[in-house]
1. Sort the range 12-214 into rounded, prolate or oblate with this rule: let a ≥ b ≥ c be the square roots of the eigenvalues of the Cα gyration tensor; rounded if a/c is under 1.5, and if a/c is not under 1.5, prolate when a/b is larger than b/c, oblate otherwise.
2. In debye to the nearest 20, how big a dipole does the range 12-214 give about its Cα centre with +1 on each Lys and Arg Cβ and -1 on each Asp and Glu Cβ?
3. Working from Cα positions, state the angle (0 to 90°, nearest 10) between the long axis of helix 182-197 and the longest principal axis of the chain.
4. Using Cβ contacts closer than 10 Å as the measure, can you line up L65, L74, L17 from fewest to most?
5. Can you work out ³J(HN,Hα) from phi for every residue in the range 167-181, in order, using Karplus 6.51 cos²θ - 1.76 cosθ + 1.60 and θ = phi - 60°, giving whole Hz and x for Gly and Pro?
6. My understanding is that a pair violates if its Cα-Cα distance is over 24 Å; which of K48/K69; K83/K163; K48/K196; K85/K207; K163/K196 do that in this structure?
7. In the range 78-185, what GluC sites (Glu not before Pro) fall in a loop by DSSP, with at most 13 other Cβ atoms inside 10 Å?
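Every read-out reported here was derived from the displayed coordinates using simple, explicitly stated rules and does not represent laboratory data. Computed from a prediction, not measured in an experiment: that's the story for all the values here. Cβ sites come from the backbone with ideal geometry, for glycine too, and all protein chains shown count toward neighbours.
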Amino acid sequence: MLAPVLILMSTEDRAALARARVEPAVRSMVEAAGLTYPPRQLFFRAFKDEKTLEIWGGSSQRGKLKLIKSYSVLAASGQSGPKRKEGDGQVPEGLYHIDRFNPQSSFHLSLGLNYPNASDRILSNHERPGSDIFIHGNAKSIGCLAMGDPAIEEIYTLARAVKNLVYVLILPAKKNPDFKNAFWQQIYAIDAQFRKTTTLPKVSIDKEGNYHVRGS
């Protein structure tokens, strides 16, 4: 009698298994928003106080975006204010993009942000600004956005299907908590331009770490 063959499932297959489970539903929700699947653009808006992550998409390279789905953030450590040093427990604030996908995450699946970005490298602790900020599964977080496993499977599958950069705007709240705060004025100007046009704003960062919305 032949000995039984033991097949070990690599953790690299976790993303493929997730895609098989959720892609039909993801495709349906994208098409229900009036978009083609996969969309050409994705834009995430996260609000720390409301614990919400919105997913916006577009069928063209630079056209208007439509809301695909809004997810609840299950855990996000820290308080209002940007991340400025390693170990402060803060979720960053500002404009980022997804720069890596991790199908072997300790938190099921994860999407990495390009923190520290050009602004953070100037304004944060130069020696230890922190790193490894993710949008991930599970319901625990230190400096990351924890979405839960079912939600991250949808978010990961959708973002992985998009060929262009996925941008992520993280704000302390839907409404600016302090209009005298110069940094918040800058990142809320990005959001104001988006709300006005529903297109992804063109943003630059100067040598002092300040955000500027071009063409606003």
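1. Oblate, because a/c is 1.5 or more while a/b does not exceed b/c.
2. 660 debye
3. 70 degrees
4. By the 10 Å Cβ count, ascending, the order reads L17, L74, L65.
5. 8, 9, 9, 10, 10, x, 6, 5, 10, 4, x, 7, 6, 8, 7
6. Working: K48/K69 17 Å; K83/K163 29 Å; K48/K196 21 Å; K85/K207 19 Å; K163/K196 26 Å.
In this structure, K83/K163; K163/K196 lie more than 24 Å apart at Cα.
7. Passing sites in the range 78-185 are E127.
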